[in-house]
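Just below is one structure, and these are the notes that go with it.
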Amino acid sequence: MSEQPPVEPGGLPGPDEPGAAAEPKAVKSHKAEGKGAHRDPKPTLAQAFLKELWADNTFTVTLLAILLAGLVAALLMVLGDAATRQQWAYLFYQPGTTLQATWDLLSVSFGNLFKGSIVDPDTFTRWMYGMDGITWQRVLYPISETLTFAAPLIFTGLAVALPFRAGLFNIGGQGQAIMGALAGATVGFALGLPAPLGWIAATIAGALLGGLWGYIVGILKARTGAHEVILTIMLNYIALYFLSWFILQKGVKDPNRSDAISKPVPSGSLYPKIFGPTASESGLRASLAIVLAILAAAAMAWLLRRGTFGFELRAVGYNPDAARTAGMKVGATLALTMALSGALAGLGGTTMAIGTAGVLTVDVVGQIGFNGILVALLGRVKPWGVVWAGLLYGALQAGGNKMQTGGVAVHADGTTVIVAGVSVELVGVIQALIVIFVAAPLLVRAIFKLRRSPSAAATVGLAKG
Amino acid sequence: MEPSEIHALLGENGAGKSTLMNVLYGLLQPDEGEILIDGRPVKIKGPSDAIGIGIGMVHQHFMLVPVFSVTDNVMLGAEHVRGPFLDHDKASKLVLEVSQRYGLPVDPDAIVEDLPIGVQQRVEIVKALTRDVDLLILDEPTAVLTPQETDELLEVMRGLKAAGKSIVFITHKLREVKAVADLITVIRRGKTVGTAPPSAPESELADMMVGRSVLLRVEKEAAQPAGSVLGLSQLVVADDRGLQAVAGVDLEVRAGEVVGVAGVQGNGQTELVEAIMGLRPVASGTVTLDGAVVNAWSTRQFLDAGVGYIPEDRAVDGLIREFSVAENLVLDVYHQKPYGSKFSLNPDAINSGATEKIDKFDIRTRTAGYAVGTLSGGNQQKVIVAREMSRRLKLLVAAQPTRGVDVGSIEFIHKQIIAERDAGAAVLVVSSELDEVLSLADRIAVMYRGKILAIVGPDTPREEIGLLMAGITSGTAPESAFAASMEEAAAGPAGVALADEALPHVHPTAGADTESGGAPEGSDPDGSGGPDGSEGPEGKAA
């Protein structure tokens, strides 16, 4: 083209270049110049939330949120431990003792959190020196627990993160997970296939029924405009009560038991344990589920970054009007997104049923559907972020169990003190605190006097998976 | 700035006008330099500081709460209280008093979302005036207004000036500046390039804005039309409320010609274009493409068949702000080779294609990976133009292709449209800017109340088209003086205000609401205005 712009001497980008100070203006101006009537793109709840989540939530903020949650948790532990609390009454008479007691409590408790979720250094040392007949299984036990708890949470976290990118808030992970667990277990004991056919069939069934549960939401949203939050909440109830009824049916219920529990899933339909078949006897429960969860995250990352459908999904999430104008089918995209999301959550439920529990009970999936929302937010609704968040959550759960046991604090002078355990409820509080701090980036930034990174809004790395 | 002065700030999109004013209003902090008020340097830390020293601002985006009444909005942030309760009566009296003093009729009890855009803007001005400001900043106030509303606004500005207020008027529309400003400062790339009196010729101002000579008319050869590409026959389309917006349109666009649709906004153009693109169902009649009836085609079918589309509202329909420039450049071809397939995208092809288009269409962005929302309006529009014109087109449908775009980009986009025509595409241009239609079109269809009133040649005088835009066909022309004033109002913003009487209830869509709503309020509340309503506020101003 001959009509090139005037090249300023030096040709350097001036201050009016996009991205510089003129940024907010540029963003504002074109909207106002739109139609006479106001037609600004109205962000949905999920869109607005996403913007807030990404604008502020740098890696630092996430890290600081975890730190802050730890601090508040420490405070709660001190308040919750009768012995230590009493010590604080003598703060001014025996400050040394008070602080020592506090330190004992915190070091043992947080130490247990680490020992219960990653590795117990003491066990490791004893195994290294071949003492007490410690096997490698004992060393790996904490990690195995963490992975066991993490796998379903990664699935349900992804199930929330994916529709989030399409502008949908999936509160229905719980219901979809329940349907996934139900389908997986049922296919397990109904078909009774040998491994690996058994668990493959169960996995597919779980994904399909969970996917159907999500698709119902998507298609109703696309066709009738019903709000997905309401729909998913209602479908959660339906799924839960359906499961309660289903367990009691003849052929499902375990005839040898009086309580509401199903027959056990035959071993051919259970996920293999990743630490080897003998490992299950030693308590290493971690199964194939965690591998599947990470594969699912990889698939979602690929979809969002490279997939044609991922492009449509993100386009619809940011601006459905523009997506429609560009020839995309918005309704079909929403429906398919919810189906995929339901399949992910369904897989989360399946892993609970045929990976961990091996039977169906009313609370076979626990709270993974709802915790998935927290995991997704903590992972900033990005696939790999969700994996890390799921692992952290799994670690908190595994370590939380260990925190209840208490322990012995050894002082420098060789004396020892027995420290009481921390209640498991407190672990739940810590998890909630992390999410509160992550979901309230403004608060964290205010506490640490962080400045919003100027590039946060401009970089499009964010738009990628 | 002097007292009682209208100072126009003129500049291309992204030149830094709004940024400068946001600094003045305390929304942004200056990195260096200082602001002098009455000779003293001041530090403005936020809008309340700005209001404190007498600076008020009317934003491009109205800062109003839609579900609140006018009074509530005006008192928001400076609530009148009696004990712990809000004093509505006092506030409402204040609104009335201010609106009467400055000739800004508003109903204090009306709910803001029910008001037309022009009146909402008036509420914003009233809001600023109740804070006793001396300096009023109007940030691109005319961007959202119809020509009639623009004229009213210019009147209001003159009135405010007469009342001793100073006004900073930010715009990139040359005509408005010339009509109302006392002094014009031109800003380019964040620097003042110069000042000029309003008597300076438009071409000189445009030169200053873009830093080179700008052709305000597109140079083009005569059209060589070939066979019919797009055919509309008795097309009827409903608007969002189910009312007939397009009421039986017949139109043909042939290969190698530009057909321009002129008309005051809200006369069914939006619905017409959306129906052509498969974005809105056709109620009755037919749309044909190359002779085949395509009423039921999806948007994708149109796009894949070689129809290019520049939507009228780029922020809503044209672009995804959070997507990168590269992604926006393939927004409707991402699934086609070489950019991608049914399953996966090809980022290499997308990126190299983007680099090429950024170069060819002179899109000013740092990199192809930058979010499109960070670009200036003109460059955003170029992204759409580049996207649509980078494939072989059979038909180009361009709705308001240069709305809110700076002069330099307008010229560029117009040239691209003509180039598309010369390459053999049929082009349909819909614009509410008569100048644009006149400079691009080979045939002009004038649309009024959902119908095409006439199809005229490009050499038809402005006045005649203006009359048609106001719904007056030659047989029904009223007395000449009346017609003339009305024609001007319809044709261009710089005309005489208040042609509303001539345009009663133009059309029951957004733009028309503004007019019907504006009519009673536009007439002078003191009753001094005659049929020529411009006498009213202006009389006081002069």
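Observations on the structure shown:
- Modelled spin labels at A:V429 and A:S107, positioned 7 Å past Cα toward Cβ, are 2.4 nm from each other.
- Per residue, the convex hull spanned by the Cα atoms of region B:99-171 amounts to 85 cubic angstrom.
- Paramagnetic label zone (point 7 Å from Cα along Cα-to-C-beta, B:S352; backbone N under 17 Å) in region B:300-342: B:326-327, B:330, B:336-341
- Whole-angstrom gap from region B:312-386 to region B:271-295, using each part's C-alpha centre: 27
- Shielding by partners, peptide B:376-387 (average Cβ within 10 angstrom, other chains): 3
- nm² value of the averaged projected area, convex hull over the Cα atoms of region B:6-210: 11.9
- Once backbone amide H atoms are built at 1.01 Å from N, B:I137 has B:G56, B:M57, B:V58, B:V168 as its partners under 5 Å, excluding neighbours fewer than 5 places away on the same chain.
- Zone residues, region A:391-429, relative to A:D132, backbone N less than 17 Å from point 7 Å out along Cα-to-Cβ: A:402-403, A:405-410, A:417-419
- For region B:68-123: rounded, prolate or oblate by the Cα gyration tensor [a/c cutoff 1.5]: oblate
- Once backbone amide H atoms are built at 1.01 Å from N, B:K220 has no partners under 5 Å, excluding neighbours fewer than 5 places away on the same chain.
- If R0 equals 22 Å, the separation of the Cβ atoms of B:A238 and A:I238 corresponds to a calculated FRET efficiency of about 0.05.
- Between the amide H of A:Y271 and those of A:G355, distances stay under 5 Å, these residues lying 5 or more places away or on another chain, with hydrogens modeled in the peptide plane.
- Region A:150-390 shape via C-alpha gyration tensor axes, a/c threshold 1.5: prolate
- Computed on the Cα trace of region B:314-391, the radius of gyration divided by the Kirkwood hydrodynamic radius gives Rg/Rh = 0.93.
- Counts of other chain beta carbons within 10 angstrom of each beta carbon in peptide B:354-367 average 2.
- Cβ-derived FRET efficiency at R0 22 Å, A:L197 paired with A:N256, nearest 0.05: 0.25
- Pairs of Cα atoms in region B:247-381 fall into 5 Å distance bins, from 0 up to the last occupied one, in shares of 2, 9, 16, 18, 18, 15, 12, 8, 3, 0 percent.
- Mean separation of Cα contacts under 8 Å, 6 or more apart, over the residue count of region A:57-160: relative contact order %: 16
- Sorted ascending by nearby beta carbons within 10 Å, beginning with the fewest, B:V294, B:V325, B:V330, B:V218 become B:V218, B:V294, B:V330, B:V325.
- Test item: A:327-339 mean partner chain Cβ contacts at 10 Å: 2
- Gain in span if fully extended, A:F370 to A:T224, counting 0.36 nm per residue against the direct Cα distance: 50.0 nm
- Overall, region A:72-169 carries a charge dipole of about 240 debye about its Cα centre when +1 sits on the Cβ of Lys and Arg and -1 on the Cβ of Asp and Glu, all other atoms neutral.
- Which of B:E312, B:E32 has the fewest Cβ neighbours within 10 Å, and the rest in rising order: B:E32, B:E312
- Equivalent ellipsoid dimensions for region A:88-189 as semi-axes, Å, which come from the Cα gyration tensor, largest first: 41, 26, 12
- Relative contact order computed over region B:37-113 (Cα-Cα under 8 Å; 6+ residues apart), in percent: 33
- Arranged from fewest to most other beta-carbon atoms within 10 Å of their beta carbon, A:L76, B:L428 become A:L76, B:L428.
- Highest-first arrangement of B:351-358, A:411-418, A:398-405, where packing means the average Cβ count within 10 Å: A:398-405, B:351-358, A:411-418
- Peptides A:295-308, A:381-394 ranked from most to least packed give A:381-394, A:295-308, packing being the mean of other C-beta atoms within 10 angstrom over each peptide's residues.
- Inter-probe distance in nm under a simple model that places probes 7 Å from Cα toward Cβ, at B:A78 and A:A74: 5.0
- For region B:6-210, a crude dipole built from +1 on the beta carbon of Lys and Arg and -1 on the beta carbon of Asp and Glu, taken about the Cα centre, is about 460 debye to the nearest 20.
- Distribution of pairwise C-alpha distances over region A:236-359, 5 Å bins, in %: 2, 9, 13, 15, 13, 13, 12, 9, 7, 5, 2, 1, 0
- Kirkwood Rh in Å, taken over region A:141-291 so that all alpha-carbon pairs contribute: 16.7
We did not get these values from a lab; they are worked out from the coordinates using the rules stated. Quick caveat, the model's predicted, so the values are computed rather than measured. All Cβ positions, even for glycine, are placed from backbone atoms using ideal geometry, and neighbour counts span all protein chains on display.
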